[in-house]
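Here's the structure, in structure tokens; my notes come after.
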Amino acid sequence: MKVWFSLLAVIILALTAWVGVEILHLNTLFGIIIPYTAIAVFIGGFIIRVVRWGKSPVPFCITTTCGQQQSLPWIKQNKIENPTNTWGVIWRMVLEVTLFRSLFRNTKTEKIEDKLVFGSAQWLWFGSLVFHWSMLIILLRHLRFFLNPVPGLIIGLESLDSFLQIGVPLLYITDVLLVAALTYLFLRRVMIPNIKYISQIADYFPVLLLLGIAASGILGRYVYGVDVAAVKELTMSLVSFKPTTSTTIGTIFYIHIFLVSSLAVYFPCSKLMHAGGIFLSPTRNLANNSRIERYINPWNYEVEKHHYSEYEDEFRDKMRKVGLPLEKE
Amino acid sequence: MYNSRKIIIGLVIFVLVAAFPFFINVGKTAQPLQLSLNTPTINQLEKKECIESADYMRANHMRMLNEWRDQVVREGNTVYTSSSGQKYEMSLENNCFQCHSNKSNFCDSCHTYSQVDPYCWDCHNGTKGAGLKQ
Ligand code: HEM
């Protein structure tokens, strides 16, 4: 049910772009207004989400660690797993963001012949790593539409990605990897019963939307043929804020950017915000230095105190009268 | 907001990265793509037309050339019948470059603009009538 709903949503989005461009000829709407709106919503929404996270206090130093903490000088500290200073945290964060180390520790619990067995399960780590890196490389390659002249780095990336020289236009390796990884991530959710049980529309929809984006991009490149030069004229006009429309670009391109725009709008409202959230996770971004520095809970209210000397000042006369000992005469 | 300094630095980096193409290009005028059709053969044509419609050629010439290559080298067919019934030789040097003899102002300028680098020119000469590179 939830799967079908998500699939239907993606199909409706694609059809919207098709009807809008192919039948109603709303090229300005789909080529200029919607992409501009989408990027504004994406950036604005992203900032709002992060600021809201920033407003919630972190009461305790709750960093997660899984290595030897700093101790006596002859005990070797694990500086990545158990950092005590900012540099250690930065290093741990960089490795987390680029290699998904905590996902690598994923384990699987199984019952084999009446015994409970724990094993490591790295397929999820592998699938998501392949997906994220392919997507990053594809996005970087897409910069050729937004920069003129195209920098050498992008050119190099592109020729590396297409070095197999299969077909014309040359097949990109990342295109294959992206689709394979997304398919795996989707099948994982529908085939494994206990994962299917906890999956929501919010889990299926982004995967299917990304598959839709990849499919429309790939169809445009390898099957229908998109007039790339005209696309670049459009994208360059968009990024220099002098938008122009074009009539020679095929509808498949408009489907592609409409799905991308949908993703951009959906991003800040969804679990995809983990891209920003990872940096704000207290379990990841705090150093384990609670035995070195005092962690002050930002909630703590001012405790009213009445020091003994103040007390004595207040009652000195009365105390003297009844003969109580005074610290200050 | 707690830790506002760090969060604001992070957000500034995010905006710079996410809107990077805008920052780089703002204020610049997007150079329109310029293609020259000014070659002796094209100037002599009565109807200035490519072998298929210009829109079709822009989007599909790579697939067409790939198909031709297979047809010629593997199947031995050398004649292409266009949608208007005209017959052409399936060839780079004896077809495209007969008319588009200004490769660097036509094919190359568009390819540089769109960042495509056909590896065909490793072997093919890209000039009118000439054969393969030695
Ligand atoms: C989430 C963002 C995006 C993803 C995941 C994505 C994915 C893809 C994929 C997988 C392809 C197949 C060919 C290739 O890998 O280059 C493609 C092609 C294409 N994409 Fe995207 N895309 C995204 C955003 C965009 C944007 C913002 C634009 C421009 C406004 C765009 C325009 C195009 C065009 C014109 C092609 C055809 C390229 C060619 O024929 O060489 N894409 N896209």
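Only the coordinates and a few stated rules stand behind these numbers; no lab work does. Computed from a prediction, not measured in an experiment: that's the story for all the values here. As a convention, Cβ positions derive from the backbone with ideal geometry for all residues, glycine included, and neighbour counts pool all protein chains shown.
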Notebook entry, point to check: Rounded to the nearest 500 deg cm²/dmol, what is the calculated helix-only ellipticity per residue at 222 nm for the protein assembly as shown, with -39500 (n - 2.57) per DSSP H run of length n ≥ 4?
Noted result: -15500 deg cm²/dmol
Note to self: Let me confirm one metric for peptide B:112-123, namely the mean number of other chain beta-carbon atoms within 10 Å of its residues' beta-carbons.
What the structure shows: 5
Next item on the list: Specify the residue with the greatest mean-square fluctuation among A:Gly44, A:Gly152, A:Gly212, computed from a Gaussian network of chain A linking alpha-carbon atoms under 10 Å apart.
Entry: A:Gly152
Next item on the list: For chain B, with a Gaussian network of springs between Cα atoms less than 10 Å apart, report the residue from B:Pro118, B:Pro40, B:Pro32 with the top mean-square fluctuation.
Entry: B:Pro32
Check: Taking every residue in A:221-227, how many Cβ atoms of other protein chains lie within 10 Å of its Cβ, on average?
Finding: 3
Notebook entry, point to check: Does anyone have the angle between helix A:201-218 and the longest principal axis of chain A? Alpha-carbon axes, 0 to 90°, nearest 10?
Noted result: 40
Check: Over all residues in A:139-148, what is the mean tally of Cβ atoms on other chains that come within 10 Å of each residue's Cβ?
Finding: 3
Item checked: Nearest-ten-degree value, helix A:152-161 long axis tilted from longest Cα axis of chain A -> 70
Checklist line | Nearest 10 degrees, 0 to 90: helix A:173-191 Cα axis against chain A principal axis | finding: 70
Notebook entry, point to check: Where does each of B:43-49, A:261-267 land if you order them by average Cβ count within 10 Å, highest first?
Noted result: A:261-267, B:43-49
Item checked: Net charge of neighbours whose Cβ lies under 13 Å from the Cβ of A:Leu170, counting Lys and Arg as +1 and Asp and Glu as -1 -> -1
Check: Sequence-distant or interchain residues sharing an amide H contact under 5 Å with B:Glu89, placed H: which?
Finding: B:Tyr80
Next item on the list: Output ³J(HN,Hα) for the stretch A:322-329: one whole-Hz value per residue in order, computed from phi by the Karplus curve 6.51 cos²θ - 1.76 cosθ + 1.60 with θ = phi - 60°, and x for Gly and Pro.
Entry: 8, x, 6, x, 10, 7, 10, 7
Next item on the list: Sort A:17-29, B:90-102 for me by packing, meaning the mean count of neighbouring Cβ atoms within 10 Å per residue, highest on top.
Entry: B:90-102, A:17-29
Next item on the list: Grab the alpha carbons of the stretch A:2-321, take their convex hull, and tell me the volume per residue in Å³.
Entry: 282
Next item on the list: Under 26 Å between C-alpha atoms is the cut-off here; go through chain B and count lysine pairs that meet it, provided they're at least eight residues apart or on different chains.
Entry: 10
